[in-house]
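What follows draws every value from the coordinates through simple rules; no lab data is involved. Every value quoted in this text rests on a predicted model; they were computed, and no experiment measured them. With ideal geometry, Cβ positions are generated from the backbone for all residues, glycine too; neighbour counts draw on all protein chains shown.
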């Protein structure tokens, strides 16, 4: 990422619109290599129709790290904890208490917690792994048409929209399934298409005449909730992707201007953003699951 | 929508791959790390609370034991004091009894000795009287020679001896 001749730009499509360094026309095609931070993850290999992108490789590394970590924790588990176990327990206990403050119930927390904590750790490690030196700067030069493009071998997985969208979909769809299991399909369906509210109008209208105004509003609120679910997907995926991608662009930009010392505060900033974004994503997942599991009562 | 898919290179296969990655992470974390870890933590919390409870119970038992001990000591002291008093009383009574007995015996012995002494003395006087009487008779007989009227003489002598004896008796006693 510290190459002096990196160009930061927003690329609209894959192939054509790569903007070259000013004055590139004077140079021959062989000597000019375009370095850029693209919006998308670059493909590295292709197994048939399945392309392995650099962000997918990063994601695999994260999986491997967590696997090793989990095995390591599993092996060294004792009633009288080691120093490492104490640290892990402190983190898990803190996370559990934080989750309790959202769900307000330890039993409910324990149901959602493994997923939420998994989201947190997965995103956190992906965010931080994207900051490591070498990620984004080690790669190979690929020839595309008449151009030569630098393709990094590794790229932070959360700086790839595919990852964040997959996680967001998992989070929102998972929350809905959890809600159906927790409160029942009919009750859950009425959260969105509030047939109950419409059906109860004739029954209650004599007692409460205002219900003819209130319940149709309730029905439309339910319909808006459907849009809300899609908004959740969009906000979750774009927030994470935007923050992490912007961080990479920022670090590259600073490195272009001043290669030494200057990027250090920004790297610290990105470390904080990495943990904050992971926390936001996992907390929102927790909230979605928690809200989906509560029966709507008004 | 097309633009988004194109510019972000959205590929459902890649998404599935990432989802699988995440599923592995979540499952592994839950199965190998979080579940056993929370189990251990819960177990330890239970053990600690049980230990604390046990310690509390033990402390209470100890306190109870101390109180019981104190009470026992107090009771024993009480009993010892009572026994001591009783013993003192008994000893005193015994001593008094003994003293009284000894006194009585001594008195008895003294009385006996006195009696004996008196009787012996009486006997002695009797003997002395007799001997004195015969002596006087003999002496008088010697002095007077063959007196004509021994019967008269004997009467005289006996009277004289009686006087003497009475005199000595009054002197002695």
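Against chain A, whose longest principal axis comes from its Cα atoms, helix A:83-103 is set at around 50 degrees. For region A:161-255, dividing the convex hull volume of the Cα atoms by the residue count gives 107 Å³ per residue. Helix B:35-144 axis versus longest C-alpha principal axis of chain B: approximately 0°, rounded to the nearest ten. Per residue of peptide B:32-44, the mean number of Cβ atoms on other chains within 10 Å of the residue Cβ is 6. Here region A:207-234 is scanned for amide nitrogen atoms under 14 Å from the site 7 Å beyond the Cα of residue A:201 along Cα-to-Cβ, giving A:209-221. Across chain A, Cα pairs under 8 Å and at least six residues apart give a relative contact order of 27 percent. Averaged over the residues of peptide A:125-132, the number of Cβ atoms from other protein chains lying within 10 Å of each residue's Cβ is 1. Cα-based Rg of chain A per 2.2 N^0.38 Å, rounded to two decimals? This ratio for chain A stands at 1.28. Packing, taken as the mean count of other beta carbons within 10 Å per residue, orders the peptides A:35-41, B:156-162 from highest to lowest as A:35-41, B:156-162. Neighbour counting of Cβ atoms within 10 Å sorts the residues B:122, A:105, fewest neighbours leading, into B:122, A:105. Look at the stretch A:48-59: the mean tally of other chain Cβ atoms within 10 Å of its residues' Cβ atoms is 3. Against chain B, whose longest principal axis comes from its Cα atoms, helix B:12-28 is set at around 10 degrees.
Taking only the Cα atoms of region B:2-172, the ratio Rg/Rh comes out at 2.10, with Rh defined as the Kirkwood radius.
Of B:13, A:78, the sequence from fewest to most neighbouring Cβ atoms within 10 angstrom is A:78, B:13.
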